[in-house]
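Below: one structure, written as structure tokens.
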Amino acid sequence: MKLETQTEQLISETVTVYGLSPQIGVHALAQTANALAAQGTVFSVCPDITEDEETDTDIKNEDMQDTHETSASVSVQIAYPEYVFKSRIHKIEKLLKKACKKYNINLVAVQASANPAVQVIAVTVTGIAKAPKEEAWNRETARACRDIVFVGHAGMDGMLRITEEKEQELKTRFAPVFMKQIKSYGQQIFAPKEIEVAKAGGAFVVRQVADGGILAALWNLALELNQGLDLDMKKISILQETIEVCEHFRLNPYQMISTGSFLAVTDNGEVLADALNNQGITAAVIGHTTDNNDKILRNGEEMRYIDRPAPDEILKLYSGGMNDGRIKKADTPVSGEA
């Protein structure tokens, strides 16, 4: 939602993430922050906040107010099943507070309550931020034959969330070094720096890849631009860790949430991709827009059309597929929980 004034716009985004891991609040925050950044909000990262930094478990209103100008303000609502330990809810709050501090986000309030109607924890983050009313990268109407650059890795965020939810199971299949490598990608779900580089490099449309994965994001982009797409699937970056975790659970990584990655539309995709890669940001031109409504996805000699977005594969953690759709109380403890 946007509300424009003469000089700026007020942007609002709401994201809900479901799960049992204490990290789910951070995933919801990242998705909200990336959506705001894609619409013009500038985030300043504090490099001194590390994963090992301790923060207070109890979050009080006076602790969440900052006298410095912040990038955005967020409020958080947590609904959790009655069987979930309160220590896990406190951990969610603690990790949220640390992430907000790192990305200069004002955490206005956190409300948590047990709800007998929910089977898993639901964290809803609502973010509000200001941005310039118009920027060159966001003013122009898309034309055909413009390049589409994919930044990041397909399905990475979903892979991280599956690992957080199913860590004990995955430890029986994969080596410790493999599990450590997966966890190393956790910082990449926040993409304010990458979005700023893309805008500076000539992108005039930036859209994050969220629910439904890269295939849903491409479908929605085509509808927004009122253009067709001609894409090369082999150019879409995907981590080997994501492939193996998804194969283990029989999930499609291209239809799985990819917070931290985004699509950028630009006149010269190779120039933009090079600018991103030169800063250590994975990016590649995956295709271009066309002057028809066809959404073509090529894979070598094969060609298919992108279907309407399907439910995100991550939902199979809780409804069908994995565990036959049943969530048991015995499964709820998470590694590292007190």
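Selection within the range 193-210: residues that are farther than 21 Å from Tyr103 by Cβ and of a type outside the set (Gly, Ala, Ser). The member of this set that is surrounded by the most Cβ atoms within 10 Å (Cβ to Cβ) is Val205. Condition check for Thr242 on (1) of a type in the set (Ser, Thr, Tyr); (2) open to solvent by 20 Å² or more (accessible area, probe 1.4 Å); (3) in a helix (DSSP H, G or I): one failure, at (2). Taking the criterion of being under 21 Å from Leu95 (Cα atoms) and either open to solvent by 80 Å² or more (accessible area, probe 1.4 Å) or not in a loop (DSSP other than H, G, I, E, B) (or both), the residues of the range 169-192 that qualify are Met179, Lys180, Gln181, Ile182, Lys183, Ser184, Tyr185, Gly186, Gln187, Gln188, Ile189, Pro192. Give the residues of the range 109-147 that are at pLDDT 80 or above and open to solvent by 60 Å² or more (accessible area, probe 1.4 Å), sorted by residue number. Answer for the range 109-147, where residues must be at pLDDT 80 or above and open to solvent by 60 Å² or more (accessible area, probe 1.4 Å): Gln111, Ser113, Pro116, Ala117, Gln119, Ile128, Lys130. Inside the range 216-258, residues that are over 16 Å from the mean Cα position of the chain (by Cα), aliphatic (A, V, I, L, M) and under 16 Å from Leu317 (Cα atoms) make up a count of 2.
Looking only at the range 301-321, decide whether some residue is out of contact with any Ser or Thr (no Cβ under 8 Å at 6 or more places or on another chain), modelled with pLDDT under 90, among the hydrophobic types (A, V, I, L, M, F, W, C) and open to solvent by 70 Å² or more (accessible area, probe 1.4 Å). For the range 301-321, residues out of contact with any Ser or Thr (no Cβ under 8 Å at 6 or more places or on another chain), modelled with pLDDT under 90, among the hydrophobic types (A, V, I, L, M, F, W, C) and open to solvent by 70 Å² or more (accessible area, probe 1.4 Å): absent. Val84 passes every criterion in (1) more than 28 Å from Tyr318 (Cα to Cα); (2) open to solvent by less than 40 Å² (accessible area, probe 1.4 Å); (3) at pLDDT 70 or above apart from (1).
Considering each of Leu221, Leu231, Leu272 in turn, give the residue that is open to solvent by less than 10 Å² (accessible area, probe 1.4 Å) and out of contact with any helix residue (DSSP H, G or I) (no Cβ under 9 Å at 6 or more places or on another chain). Break it down stepwise before answering.
Values: Leu231 fails: out of contact with any helix residue (DSSP H, G or I) (no Cβ under 9 Å at 6 or more places or on another chain); Leu272 fails: out of contact with any helix residue (DSSP H, G or I) (no Cβ under 9 Å at 6 or more places or on another chain).
Only one candidate passes the filter, namely Leu221.
The values are calculated or read from the model by the stated rules, or taken from the named source; none is laboratory data. Given the structure is predicted, the values throughout are model-derived calculations rather than measurements. Cβ: placed from backbone, ideal geometry, glycine included. Neighbour counts: every protein chain shown. Each accessible area value is taken on the protein alone, full model and side chains, heavy atoms only, with ligands, DNA and RNA left out. Shrake-Rupley method; radii C 1.70, N 1.55, O 1.52, S 1.80 Å.
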